[in-house]
1. Going through region A:234-248 one residue at a time, which ones are of a type in the set (S, T, N, Q), touching a Ser or Thr at 6+ places or on another chain (Cβ under 8 Å) and closer than 14 Å to A:Ser67 by Cα?
2. Given the residues C:Gly129, C:Gly122, which is the only one that is buried (at least 24 other Cβ atoms within 10 Å of the Cβ) and part of a helix (DSSP H, G or I)?
3. Only helices (runs of 4 or more DSSP H) wholly contained in region A:388-484 count here; list those with 1 or more residues that are within 14 Å of chain B (Cβ to nearest Cβ) and over 20 Å from A:Asn312 (Cα atoms).
4. (1) at the interface with chain A (Cβ under 7 Å from one of its Cβ atoms); (2) touching a residue at least 40 places away in the same chain (Cβ under 8 Å): which one isn't true of B:Thr47, the others all being true?
5. Restricting to region A:487-531, name every residue that is among the aromatic types (Phe, Trp, Tyr) and farther than 22 Å from A:Thr175 by Cβ.
6. What's the number of the condition B:Gly71 fails, among (1) at pLDDT below 85; (2) assigned to a helix (DSSP H, G or I); (3) within 13 Å of chain A (Cβ to nearest Cβ); (4) buried (at least 16 other Cβ atoms within 10 Å of the Cβ)?
7. I'd like to know if region A:153-175 contains one or more residues that are hydroxyl-bearing (Ser, Thr, Tyr) and within 14 Å of chain B (Cβ to nearest Cβ).
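The values are calculated or read from the model by the stated rules, or taken from the named source; none is laboratory data. Owing to the predicted nature of the structure, the values given are computational and were not obtained by experimental measurement. In this analysis, Cβ positions are derived from the backbone assuming ideal geometry, glycine residues included, and neighbour counts consider all displayed protein chains.
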Amino acid sequence: MKRWGMALLATLMLLAAACSKQETPSAAPGDAQTAQQAESASKEQKLVVAIPAEPGPLDPAVSMDNSAWKLTYNSYERLIEYDGEKTDLVPGLAKEWKVSPDNKVFTFSLESGHKFADGTEVNAEAVKFTFDRLLKVGKGPSDSFAMIDQVKVIDPLTVEFQLKEPYPLFLPRFTNNYASIINPKVMEHERDGDLAQGWLAENTAGSGPYQLTEYKKSQYYKYTPNPHSSIKPAITTVYFQVSSDVSATRLKLIKGEIDIAEGIPVDQQLALEKEENVQLIKSPSLTVDYVYMNIGKGHEALKDVKFRQALNYAVNYQAIIKNVQQDTAIQLRGPVPEGLWGHDENAKMYTYDLDRAKQLLSESGKSGVELTLLYSDQRAIWEPIALALQNDFSQIGVQVKLNKVAYATMREMLDKGEFDLSLGMWSPDTADPWEFMSPWFDSERWGLSGNRSFYKNEEVDKMLREAASIQDQEKRLQLYLDVTKIVNEDAVYIYLDQRQFLLPMSKKVQGFKYNPMLEGIYNLDEMSVSP
Amino acid sequence: MWAVIRNRLLMLIVVIFGVSCITFLMSNVIPGDPARMIVGVKATEETYQRVREQMGLNDPLYEQYLNYMQGLLTGDLGTSLRTQQPVIEDLITYFPATLELVLYAFLIAIILGVFIGVLTAVKNNSMWDHIGRIFSISGVSLPVFWSGLMAIILFYGVLGWLPASERLDLFIDAPPTITGLYTIDSLLAGDMEAFSNSVLHLIMPVSILAFVHLSAITRQIRASMLDVLQQDYIKTARANGISSSFLIIRYALRNALMPAVTVVGLSIGSLLGGAVVTETIFNWPGMGKYVVDSIGSLDFPAIMGFTILIAIGYVLINLLVDLLYMVLDPQIRE
Amino acid sequence: MQTPQTSPASHPAVVPERVPGTVQIFWSRFRKNPLTMVGGVIFILFVLIALLAPVLTGNDPNQVRMDLALQKPSAEHWFGTDEVGRDLFARVIYGTRLSLGMGISIIIVAGLVGTILGAVAGYLGGKIGQIIMRIMDVILAFPTLILAMALSAAMGPSLMNAILAIVIVKIPAFVRLARSETLVVKEKLFVKAAQTFGLSDTWIIVRHIIPNVITPVIIQMTLDLGDAILMVATLGFLGLGVQPPTPEWGAIISTGWRYFLDQWWYPTFPGIAIFLVTISFNIIGDGLRDMLDPRSAR
């Protein structure tokens, strides 16, 4: 409330200043101290974030792209939110919720007083509209809510979700960008039955603290506070500016033209850290780098578990972490990364052991094998990693042919299984080990949707499906630990590393909070920029 | 004259048909499915198939093509997969930036090219000749992606004289759109701040682009000038004591200009090619950057829209060159 | 250069005007033109570098040494090392082979195909000529780089596809040139004579037309060679060229650019290499035109 008052003051003062420059701050109500605060708050605070590329459409029901989410997350609110830097769920638009014992009916009571940027109240109708539209649009985000049977408005502030089948992992999905509640009035912008997808692709219509007020294609997105939001942020204008060239972006940060520089490679970030006016945010993340080994559809030799283990032992993990990741990563132990429940700190971890690798290779009886290694230019570190792996595998006599393709092509090839080895990365959408388990190992999810090693093990399938259908966390944990043992022994993937989140920003920027579930998304309303 | 126009318009139809066919076929050959890009990496097969259906990607190819051509007749170039906006609207937004860049680059290349061309021809085989030629040849020999980046480091990073990229500083408001060219619009609006700022932003990309095209013009002007200077009437006039500079400008240059006009007209394709790289390097929000981004995400409606627009532009510019020729050389009119 | 005489024994009357003594004139002019000499020297230097690459450096251009990543230029690594410790001098040197090889093969194929198509279109005219020229119009209407990018994206980035894409883009210019020259040659006496002898069209095109249009084509080829090498590098820079780890100049710059602020040498040397090779071809082409083009040689 204090901040609210301050901002109100600030607005008044701005008005006053605009009317007459002679007028003193004391014209505003309040004691001397607040007046002083108001004076500093009345100064416009601008934040400029450089983004490496223009993201795709901003529509929450369409975008599956983290780089678009960061542009919309602050313009919308969701029923449930993450708690600051923690991955716990806290009330958002919904002040409380009830789950039926059979995990099939979820009822939310909305908090009153939340308003969209045009002043309309956020109510149960808007929630229903959002999810009906999401499913009707039927793009990528609808996968996360495919289990919804129907959304019912009980009263203006109560909404009920009925599911087709019990789904215990339902709640965390409401924190995602695609669960952002949209103002039903967007339908005024509908064109040719597109459910306003065209309009929402470059506009926002939510109840979050900021709204998109200006968009210049390929140049910048400009945000200003939502006048009807109860949150009055300190930063009055936020620019997300497209700046594709790394060196230029870096120079701009040093010169103070931008405040936050995204898309800078790891080694450059460390160089930036030495600059006087730059701070480097470093936080543990749940993003992992690993290698898919195409067991189901790739080279014959990959079907042999000893051969896969041999490859696992042949990788010089520490060299990659040191030289490519510049020591900003740790070797990944098991599929579930450190920091998420379900991580097994005693899980088997393959280490660099050439003798072991050679021995396993000769036991497998495979020799003169030549594999392809797929990657794209989507991520700068993929090429050095690919070169390092090529070099490592040649040490045990396995030749690797690099296959660098366009990102879109890579996705297609991953889905069809047209590769032997491929570089990959993964980050979870919810704070649940399910994210690293079912997609990666369930044979129902062969291909792009997760099981990119085309691995099939009926025992694993059974345990994973059981774990996904129950709510008892103890039991789920046990199941996941058991699966981890099996798949580690089976050497389904090569786990390279678990990265840190790194972000260079000006020292003038304060209040940034990092949440591992919202990687790359800013808590703009809590941030400030000192002059 | 009408025959020329008729021929060119016939050519327009052939070119549009050919260009659209090629891009369309290409979009089908390419491995990498636009629907995949939209649904994201973790999507299920079901969603993916549904989106394919929505996007009409499951229709037979000829049907997709007919649909597209039908739209084309009404000026509808389809919807961009990447931006979800009508391609024609996207292109209209991006066009002025490219126009401004290419226009100034062209002007500078022509002025400088004529100057160096005349200089090297008049001072044939002297030191000036060598310097002038090396200078103009350097332009076409430098990889734009390299020289552009070097220029940014030097003039922005080290010297701090010029802005690194974009059309205007972030906090300077763009002038109200009349022509879409910031330099002209800002003058019309009397906004000197925006004007000087946009000029500063133009200097580097325009110079780089002009430098590339300098050589072709210089080469042509020089060759024609050498040719004309050898003509008997010029020699006679010189012998009769008519001042050289008057001769050069009044007769020699005028005759040398014509072949240069052809070169200029024909190089529009490569100029736009150069603009693509220049725009990428300087983060210039023009059509070139748009199409590079579109190729990256296999956004075929956008790529097709762009190529068709350029093809139309190419044919029209050729028509213009033909007409200009007639104006410059009345003999052709008969 | 071309054969100065075309089967003089069988058709003594059929001697093209432009050809006799070309080689001698060419050499005497070449010696008098210092600029072209410089271009020639640079070109020969690069050819030598390409041929002698293994002698010039003992380092393997693809040897990954993670422990030697991003080293400064030194006695051991003249141009420093890249982010996985490969020797940049070796990569630039071996890159010469690739760039020259690709550039020359692109231009030869494009020049050959273009000349044949142009000669056919010009000599035969009619429907076939129309069709050829309309196809060329379509290709010319594409912005060159975009067409090359789209082609190599469609076919998948690889050495062969990049070559093919640039060849396709380069052909129309040669077709136009060869056609307009053919239209002139076609009216010459020796062609008319050959026609009255009842020689086949193929024979006339191969033995009479093509040898007589080849001079301007060769000048154009030299001038385009530089451009072809630049295009190879640009495709490489945009990630649409050869596959890694092949040392290609454009690709090295593309990766190296990210390191420029801390490791200036990484993209600088391959950039200079591209510049020198391209400028040498352009100077030679420019000079050749002056020397061989009867108009400007007057």
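1. Once the filter is applied, which keeps residues that are of a type in the set (S, T, N, Q), touching a Ser or Thr at 6+ places or on another chain (Cβ under 8 Å) and closer than 14 Å to A:Ser67 by Cα, region A:234-248 yields A:Ser243, A:Ser244.
2. Exactly one of C:Gly129, C:Gly122 is buried (at least 24 other Cβ atoms within 10 Å of the Cβ) and part of a helix (DSSP H, G or I), namely C:Gly122.
3. A:407-416, A:434-441
4. Result: B:Thr47 passes all but (2).
5. A:Tyr493, A:Tyr495
6. (1)
7. No, every residue in region A:153-175 fails to be hydroxyl-bearing (Ser, Thr, Tyr) and within 14 Å of chain B (Cβ to nearest Cβ).
Conditions (1) at pLDDT below 90; (2) within 14 Å of chain B (Cβ to nearest Cβ); (3) farther than 26 Å from B:Ile303 by Cβ, marked per residue:
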residue	(1), (2), (3)
C:Gln130	yes, yes, yes
C:Ile146	yes, yes, no
C:Met149	yes, yes, no
C:Ser152	yes, yes, no
C:Leu164	yes, yes, no
C:Leu177	yes, yes, yes
C:Lys188	yes, no, yes
